[in-house]
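Student: To start, I am sharing the structure in question, which I have written as structure tokens.
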Amino acid sequence: MTDDHLYVIQNHLGLLKIGRAGDTKARFRRIARDDLCEVIPVAIREREGWREPFAHRMLRKHNLIGEWYDGTDKARRAVIRAIPLHRHTEWLVSLGELGAIEAWHDRVRINRQVISARKLYQRVIQHMSHHGPHDAFDLEHYKIWEIMERYEAGRNERDFNLIRLEYSHDIMPKFTTDIEAAMSLWPDDARPAMWHGSAWDCCVEALKIRRSRWMNHD
């Protein structure tokens, strides 16, 4: 949006992030929550969010994860040129120890996966709860099931392997239409002995169970 503000922040380890937002305070709260860090504002340029793509290109070689960049002197100088900022801009946080940065990076990567998995499950459940098999949505077009499998594998769950069933862009995956396939979507330790409804509903309930485990994921 043309009214977005451009911001430069540091986290508690001295790493840098450049982004854009209409409400920077709300964005900073979300970053602190999702990226498990303190947020220390360095600069906010009102209505200059349009500069963000250029700034990101300038800092490509310093990228760590998402829009976070290393906090080295070279990266800081690149930020000053890209925004641009005054060359005597005050950086309030010194660059942290490499071990601490690597540990934070791993936590953020995992947390982002958890957040993405929760959103994906919620999206599919909400749609399937309000529609039937006649409205296939984009379940097959965007290979949602394959994405779910990757999420579950990343969580070391080995009981999600249904996307090995054959399907195409024109055919819904069998576990939305076949009871036996839908039952196999359930986690092994939560699968009911029998299901008396439709395969579609069985699939929805299985996804709810998997979503709940992501909601409780640490």
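Student: How much FRET efficiency would the formula 1/(1 + (r/R0)^6) give for residue 106 and residue 127, where r is the Cβ-Cβ distance and R0 is 41 Å, rounded to 0.05?
Tutor: Values: r = 33 Å, r/R0 = 0.79.
Step by step, r from the Cβ atoms, then E = 0.80.
Student: Can you pull the one-decimal nm distance between simple spin-label points at residue 85 and residue 189, each 7 Å off the Cα toward Cβ?
Tutor: 4.7 nm
Student: Longer than 31 Å from Cα to Cα, which of 25/74; 119/174; 61/208; 25/61 are they? Say none if no pair is.
Tutor: 61/208
Student: Moving on. Calculate for the chain the 222 nm mean residue ellipticity that helices alone would give, adding -39,500 (n - 2.57) per DSSP H run of length 4 or more and normalising by residue count, nearest 500 deg cm²/dmol.
Tutor: Result for the chain: -14000 deg cm²/dmol, rounded to the nearest 500.
Student: For the chain, what mean projected area does the convex hull of the alpha carbons give, in nm²?
Tutor: Numbers: hull surface 58.6 nm².
Mean projected area for the chain: 14.7 nm², to one decimal.
Student: Take residue 212 and residue 98, extend 7 Å from each Cα along the Cα→Cβ direction, and tell me the distance between the two endpoints in nm.
Tutor: Result: 4.5 nm between the two label points.
Student: In the neighborhood of residue 182, defined by Cβ-to-Cβ distances under 12 Å, what is the net charge if each Lys or Arg adds +1 and each Asp or Glu adds -1? Before the final figure, lay out the partial values.
Tutor: Values: positive: 174, 191; negative: 178, 180, 201, 205.
That works out to -2.
Student: Beta carbons within 10 angstrom, averaged per residue: use that to sort the peptides 32-43, 68-79, 183-194, highest first.
Tutor: Details: 32-43: 16.2, 68-79: 19.0, 183-194: 13.4.
Descending mean neighbour count gives 68-79, 32-43, 183-194.
Student: Where does the charge balance sit around residue 192 when Lys and Arg score +1, Asp and Glu -1, over other residues with C-beta under 14 Å from its C-beta? List each step's numbers first, then the result.
Tutor: Numbers: positive: 191, 208; negative: 180, 188, 189, 201, 205.
With Lys, Arg at +1 and Asp, Glu at -1, the net is -3.
Values quoted throughout were computed directly from the atomic coordinates according to the rules given, and no laboratory measurement underlies them. Everything numeric here is computed off the predicted structure, so don't read it as measured data. When we count neighbours, we look across all protein chains shown, and the Cβ atoms used for this are built from the backbone with ideal geometry, even at glycine.
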